[in-house]
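The values are calculated or read from the model by the stated rules, or taken from the named source; none is laboratory data. Source: prediction; values computed, not measured. A quick note on method: Cβ atoms are made from the backbone with ideal geometry, for glycine too, and the neighbour counts reach across all protein chains shown. Note: areas computed on protein heavy atoms with side chains; ligands, DNA, RNA excluded. Shrake-Rupley method; radii C 1.70, N 1.55, O 1.52, S 1.80 Å.
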Amino acid sequence: MRPVYPFSAIVGQDEMKLALLLVATDPSIGGVMVFGDRGTGKSTAVRALAGLLPPMKAVQGCKYGCDPNANGSRCEECRDRSAQGPALRSHLVPVPMVDLPLGATEDRVVGALDLEKALTTGEKAFEPGLLARAHRGFLYVDEVNLLEDHLVDLLLDAAATGENVVEREGVSVRHPSRFVLVGSGNPEEGELRPQLLDRFGLAVDVRTPTAIASRIEVIKRRDAFDRDPDAFMTQWSRADAKVRRSLEKARARLDELEVDDRILERAATLCSALGTDGLRGELTLLRATRALAAYEGAAAVTMAHLRAIAPMALRHRLRRNVLDDTGSTTRVERAVAELWQDAVAAA
């Protein structure tokens, strides 16, 4: 098994790490887009998250890893087995973390149908693709802004419906495909299609650290990991276990937390003032704010949680303003300061 750099050993980049932990707490937030310079730990953080997540229950023998307790989103085989009884048996499996390479073929992404076998024997022979492997887990696309348009369309279809449908010559296969999409890329190398960008619940910026002490600590830890991965992972195992326990508690606490109308009104006012399209901004604010409160172990969702979430939930939803060349993060923070003066002063 390939050694994975510990999540807790990543120096700085706090907003990126928080965003990943929030979507791990509540996958319905809708994924994370990480913009930033090369060599700033984007891919390392995403893969480290996989090593942090507690295992999940899956139906034994299911090639899609169906949830034994999710009656409405199982594959056709699991539904048939469940109807025939007895109860489906389950086992614990790692949460999938699947890489989607830029050069992937359509068959590798959606899966391949054996048409000859289907037409001659009537049997559907299907080789699941990356969308099947990522079901109930994470699908990671590095340099997602360079992904070919036909692959972007496949991701949009699956993200919108929670299913992957493969149709060839009148033969079709349908299976559940619900995943958290995590993308990373350098905006200087190409823009992301707006339709795909809108599918990311949160967007964070990462930058090369400027503090000399931070730069030294990064290279010292990386060098220690490369020289002796096992010893380095052992050194950070307790810190990672602590984060894992916090994540498990947050998931258990999530359904107990309510977001009151006062918070929702603030969120809607902010989105309206910023001119965000649709209502995904408010929905993301609601879910991410609640997830943050759950992760921090708070008794209630507060304005402080909403303020902390606003930049990462809204910065990628702003339209360009030819009369205002300030960055999107600054525009969000400025709107927060103007609209929530009372809350800011009270904090």
Options F225, G61, S184, ranked by Cα towards positive dipole end of the chain, top entry (Cβ charges) = F225
The chain: relative contact order in percent, alpha carbon pairs under 8 Å with at least 6 residues between = 22
So what is the diffusion coefficient of segment 1-153 in µm² per second by Stokes-Einstein at 25 °C and 0.890 mPa s, using a Kirkwood Rh over Cα pairs?
-> 138
Round to a whole angstrom and tell me the spacing of the C-alpha centers of segment 73-144 and segment 203-228.
-> 37
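With each run of n ≥ 4 DSSP H residues scored as -39500 (n - 2.57), what mean residue ellipticity at 222 nm is computed for the chain after dividing by its residue count and rounding to the nearest 500 deg cm²/dmol?
Numbers: 15 runs with 167 residues, N = 347.
Rounded to the nearest 500, the figure is -14500 deg cm²/dmol.
Whole-Å semi-axes of the chain's equivalent ellipsoid, largest first, each the root of 5 times a Cα gyration tensor eigenvalue? Working shown, then result.
Numbers: eigenvalues 239, 123, 100 Å².
Over the Cα atoms of the chain, the ellipsoid semi-axes are 35, 25, 22 Å.
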Order the peptides 206-217, 88-99 from the highest to the lowest mean number of other Cβ atoms within 10 Å of their residues.
-> 88-99, 206-217
When each of K17/K249; K42/K220; K42/K249; K57/K249; K220/K249 is checked by Cα-Cα distance, pairs over 23 Å = K42/K249; K220/K249
If the chain between E338 and R262 were fully extended at 0.36 nm per residue, the gain over the current Cα-Cα distance would be 25.6 nm
Rounded to the nearest 5, the percent of DSSP beta bridges in the chain running antiparallel is 45
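With a 1.4 Å probe and all protein chains in place, put H150, H135 in order of accessible area, largest first. List each step's numbers first, then the result.
Details: H150 80, H135 10 Å².
Heavy-atom accessible area, descending, gives H150, H135.
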Looking at G39, A159, A9, which one has the Cα that reaches farthest to the positive end of the dipole of the chain (charges on Cβ: Lys, Arg +1; Asp, Glu -1)?
-> A9
Please give the FRET efficiency for H150 paired with M56, using the beta carbon to beta carbon distance and R0 = 35 Å, rounded to the nearest 0.05.
-> 0.70
Positive-end extreme of charge dipole, the chain - chosen from L113, A300, G327 (charges on Cβ) | A300
Give the Rg/Rh ratio for segment 128-245, taking Rg as the radius of gyration of the Cα atoms and Rh as the Kirkwood radius, to two decimals.
-> 1.09
